[in-house]
Amino acid sequence: MEETCVLRPIAHVHSEFPGKFGIPRQSGVVPELRSELIFTPEFRNPDALRGIEGFSHLWLIWQFSAAVRDGWSPTVRPPKLGGNKRIGVFATRSPFRPNEIGLSSVRLDRVEPNTPDGPVLHISGADLMDGTPIFDIKPYLAYTDSHPEALGGFALTTDAVRVECPASLLEKLPQERRQTLLNVLAQDPRPGYQHEAGRVYGFPFAGFEVKFTVEGDLLTVLQIESR
């Protein structure tokens with residue numbers, strides 16, 4: 001007998017990324033990246049957050065809302081492996097899953113209890129697109145959730161590049177967004193299988209369009225323009 005389960009979003013993310021490109025590949029790699037959790041009307045009950053301020057970090061369970069599709073494949077091609085080698089879907093964090101569920105660990109910066117949208121959670125380090133549906137929030141418990149000895153399989157390290165950005169371009173951004181953007185770029189936002197020399201890449205960030213090229217391990221920002 002086929003079983004089904006209906007999940008309701010309890011909140012949505014408000015972040016600096018209106019699209020997928022440019023978002024850090026994992027939570028926590030750009031800790032300065034600020035986001036907000038805006039609860040849906042049904043769940044705007046302050047009692048549901050009672051005691052949450054006692055935790056420094058949270059687990060978010062969410063939907064890859066831009067990767068919803070019919071059917072599924074038992075194998076996927078992780079960009080980390082160049083997009084050519086197939087790996088079992090359950091051995092990856094690919095968004096293309098039988099159920100498009102994601103899991104992120106984020107820092108809870110503060111709780112804003114009274115806003116026109118009800119209580120709002122201010123978080124940092126999220127790897128989420130603006131509007132991402134949140135299905136659940138759970139406290140992160142270091143004594144059981146942290147495993148420093150854990151093996152990383154094929155995803156041992158993050159990709160990193162040096163970033164060169166002219167001051168005249170960086171100054172177009174608000175002061176509080178500048179270092180965050182540099183740290184996002186330092187993670188090399190390109191797909192792992194796209195390393196074409198001279199190619200211009202771009203993504204929207206915080207209301208600006210950012211364009212860059214990468215040669216070797218040097219990323220050069222070409223343009224930052226208001227959208």
Discussion item. Taking the conditions exactly as written (farther than 21 Å from LEU141 by Cα, among the acidic types (Asp, Glu), modelled with pLDDT under 95 and open to solvent by less than 70 Å² (accessible area, probe 1.4 Å)), does GLU100 satisfy them or not?
Written reply: yes
Worksheet item: Before we move on, is THR92 within 19 Å of ILE10 (Cα to Cα) and open to solvent by less than 40 Å² (accessible area, probe 1.4 Å)?
Response: no
Fill in: Selection from the stretch 156-200 of residues that are part of a loop (DSSP other than H, G, I, E, B) and among the hydrophobic types (A, V, I, L, M, F, W, C)
LEU156, ALA160, VAL161, CYS165, LEU173, ALA197, VAL200
Worksheet entry | In the stretch 201-227, the residues that are buried (at least 16 other Cβ atoms within 10 Å of the Cβ), assigned to a strand (DSSP E or B) and among the aliphatic types (A, V, I, L, M) | VAL210, VAL214, LEU219, VAL221, ILE224
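Let's see how each residue does on (1) within 25 Å of GLY51 (Cβ to Cβ); (2) among the acidic types (Asp, Glu); (3) in contact with a helix residue (DSSP H, G or I) (Cβ under 7 Å, 6 or more places away or on another chain):
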{"residue": "LEU81", "(1), (2), (3)": "no, no, no"}
{"residue": "ARG86", "(1), (2), (3)": "no, no, no"}
{"residue": "PRO95", "(1), (2), (3)": "no, no, yes"}
{"residue": "SER105", "(1), (2), (3)": "yes, no, no"}
{"residue": "ILE123", "(1), (2), (3)": "yes, no, no"}
{"residue": "ASP127", "(1), (2), (3)": "no, yes, no"}
{"residue": "THR132", "(1), (2), (3)": "yes, no, yes"}
{"residue": "TYR140", "(1), (2), (3)": "yes, no, no"}
Worksheet item: Any residue in the stretch 146-168 that is hydroxyl-bearing (Ser, Thr, Tyr) and open to solvent by less than 70 Å² (accessible area, probe 1.4 Å)?
Response: yes
Worksheet item: Of (1) under 18 Å from ARG25 (Cα atoms); (2) open to solvent by less than 60 Å² (accessible area, probe 1.4 Å), GLY198 satisfies all except one. Which?
Response: (1)
Worksheet entry | Test: GLY131 is of a type outside the set (Phe, Trp, Tyr) and either open to solvent by 30 Å² or more (accessible area, probe 1.4 Å) or under 19 Å from GLY19 (Cα atoms) (or both) | yes
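The values are calculated or read from the model by the stated rules, or taken from the named source; none is laboratory data. In this text, all values refer to a predicted model and were calculated from it rather than measured experimentally. Methodologically, a virtual Cβ is constructed for each residue, glycine included, from the backbone with ideal geometry; neighbour enumeration extends over all protein chains shown. Protein only, heavy atoms only, side chains kept; ligands, DNA and RNA dropped before computing areas. Shrake-Rupley method; radii C 1.70, N 1.55, O 1.52, S 1.80 Å.
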